[in-house]
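A.B. asks: Shown below is the structure under consideration.
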Amino acid sequence: MSSKFLIMSIVLIGISSLLLLTLTFYYYQFKKIDTKSKKYGLILPIITVSLISIAEIMGIVTAVIYKPDILNSNTGAMITTIIGMICIAASVISLFFFIPYYGVALTKESINLIGEKIDNKNIVKIISDTRTPNIFVFYKQGKRVVKKVKFSTKMVDASFFDEKITGIKVDSEDALAYHNKTIRNK
């Protein structure tokens, strides 16, 4: 039973190292984008990197305090492994659901997020929501699927999506009503 903690510490170190390297690569690619309209998030990337670093530290601590014994007195290893796994899960969830808060850049061809690119030719509509302080970008993914990305006005404002750069006018209307009218009724 206790050798599983050593394996889990190796898994924690590997996954957290892979996440840090991947995030570094995507930020490097994002930084290389040549544009004048670029915004970086601050709070969420710092929290995510901190969580990944904590998970890596917990994996190292688990490997150090691991004791191969018969009595299964590895409660410290179990606690550090659980903390590391929770940190990895939280960072993956934040990377999956909150990617627009990490950074956004506009070019003549696309809207670029960290690790994601939305071509301007696929953008259906950009809406500055009248109900909430958000900006929604509706875009086609494939031939039939229309998706949306939500940007907080704390990160970018409506003037960031300049019509001269994207070629698309930002409309002020209720984004939920537009979503229900056009996307859900298809």
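Since every read-out is calculated from the coordinates, none of them should be taken as a lab result. Only a predicted model underlies this, so the values are computations on that prediction, with no experimental measurement involved. Virtual Cβ from ideal backbone geometry, glycine too; neighbours counted across all protein chains shown.
A.B. asks: May I ask you to evaluate 6.51 cos²θ - 1.76 cosθ + 1.60, the Karplus curve with θ = phi - 60°, for each residue of the range 111-120 and list the ³J(HN,Hα) values in order in whole Hz, giving x for glycine and proline?
C.D. replies: 9, 10, 10, 5, x, 9, 9, 10, 5, 4
A.B. asks: Something else about it: May I ask for the Kirkwood hydrodynamic radius of the range 2-103, worked out over all distinct Cα pairs and given in angstroms to one decimal?
C.D. replies: For the range 2-103, inverting the mean 1/r across all distinct Cα pairs yields 14.7 Å.
A.B. asks: Ok, one more. Return the sequence-ordered ³J(HN,Hα) values of the range 77-88 in whole Hz as given by the Karplus equation 6.51 cos²θ - 1.76 cosθ + 1.60 applied to θ = phi - 60°, using x for Gly and Pro.
C.D. replies: After applying 6.51 cos²θ - 1.76 cosθ + 1.60, I find 5, 5, 5, 5, 5, 5, 4, x, 5, 5, 5, 5 Hz.
A.B. asks: Right, something else. Could you give the length gained on full extension between PHE98 and ILE168, defined as 0.36 nm per residue of separation minus the Cα-Cα distance, in nm?
C.D. replies: Values: separation 70, 0.36 × 70 = 25.20 nm, distance 2.38 nm.
Once the chain is fully extended between PHE98 and ILE168, it gains 22.8 nm.
A.B. asks: Output needed for the chain: three equivalent-ellipsoid semi-axes, defined as square roots of 5 times the C-alpha gyration tensor eigenvalues, in descending order, whole Å.
C.D. replies: 42, 17, 13
A.B. asks: Mind pulling the angle between the C-alpha long axis of helix 43-65 and the longest principal axis of the chain? Nearest 10 degrees, somewhere in 0 to 90.
C.D. replies: Taking Cα atoms only, the helix is inclined about 10 degrees.
A.B. asks: Now, a different point. If each of VAL146 and THR35 carries a label point 7 Å out from its Cα toward its Cβ, how far apart are those two points in nm?
C.D. replies: Calculated label separation equals 2.2 nm.
A.B. asks: OK, next. State the extension gain, in nm to one decimal, for the chain segment bounded by LYS154 and ILE82, taking 0.36 nm per residue of separation less the distance between their alpha-carbons.
C.D. replies: 22.5 nm
A.B. asks: Could you give me the ³J(HN,Hα) list for the range 22-27, computed from phi with Karplus coefficients 6.51, -1.76, 1.60 and θ = phi - 60°, whole Hz, x at Gly and Pro?
C.D. replies: Rounded to whole hertz, the list is 5, 5, 5, 4, 5, 5.
A.B. asks: Under 1.5 on a/c is rounded, so check that first for the range 115-185, then, if it is not, pick prolate when a/b is larger than b/c and oblate when it is not; a ≥ b ≥ c are the square roots of the alpha carbon gyration tensor eigenvalues.
C.D. replies: Because a/c hits 1.5 or more and a/b fails to exceed b/c, the range 115-185 counts as oblate.
A.B. asks: Filter the trypsin sites (Lys or Arg not before Pro) in the range 1-100 down to the DSSP loop ones having no more than 12 other Cβ atoms within 10 Å, then list what survives. It would help to have the intermediate numbers written out before the result.
C.D. replies: Working: sites: LYS4, LYS31, LYS32, LYS36, LYS38, LYS39; in loops: LYS32, LYS36.
Taking the range 1-100 and a limit of 12 other Cβ atoms within 10 Å, the loop trypsin sites (Lys or Arg not before Pro) found are LYS32, LYS36.
A.B. asks: Let me ask something else about it. Determine the relative contact order of the range 84-186: mean sequence separation of Cα pairs under 8 Å and six or more apart, normalised by residue count, in whole percent.
C.D. replies: Averaging sequence separation for qualifying contacts and normalising by length gives 24 percent for the range 84-186.
A.B. asks: Pairs to check: LYS36/LYS125; LYS32/LYS108; LYS117/LYS147; LYS108/LYS147; LYS36/LYS148. Give those whose C-alpha atoms are more than 18 Å from each other in this structure. Could you put the intermediate results ahead of the total?
C.D. replies: Values: LYS36/LYS125 22 Å; LYS32/LYS108 15 Å; LYS117/LYS147 13 Å; LYS108/LYS147 21 Å; LYS36/LYS148 24 Å.
From the list (LYS36/LYS125; LYS32/LYS108; LYS117/LYS147; LYS108/LYS147; LYS36/LYS148), the Cα-Cα distance tops 18 Å for LYS36/LYS125; LYS108/LYS147; LYS36/LYS148.
A.B. asks: Dipole size in debye (nearest 20) for the chain around its Cα centre, Lys and Arg Cβ +1, Asp and Glu Cβ -1? Intermediate values should be presented prior to the final figure.
C.D. replies: Values: 24 positive and 13 negative charges, 156 e Å.
Dipole magnitude for the chain comes out near 740 debye.
A.B. asks: Please work out the FRET efficiency for the pair LEU42 and SER3, using the Cβ-Cβ distance as r and a Förster radius of 45 Å; give the result to the nearest 0.05.
C.D. replies: Details: r = 42 Å, r/R0 = 0.92.
The computed FRET efficiency comes out at 0.60.
A.B. asks: Moving on to the next point. What residues qualify as long-range amide H neighbours of THR107, i.e. H under 5 Å apart, gap of 5 or more or another chain, H built at 1.01 Å from N?
C.D. replies: ASN112
A.B. asks: Putting +1 on Lys and Arg Cβ atoms and -1 on Asp and Glu Cβ atoms, find which of PRO100, THR75, LEU20 reaches farthest to the positive end of the dipole of the range 2-103.
C.D. replies: The listed residue farthest towards the positive side: PRO100.
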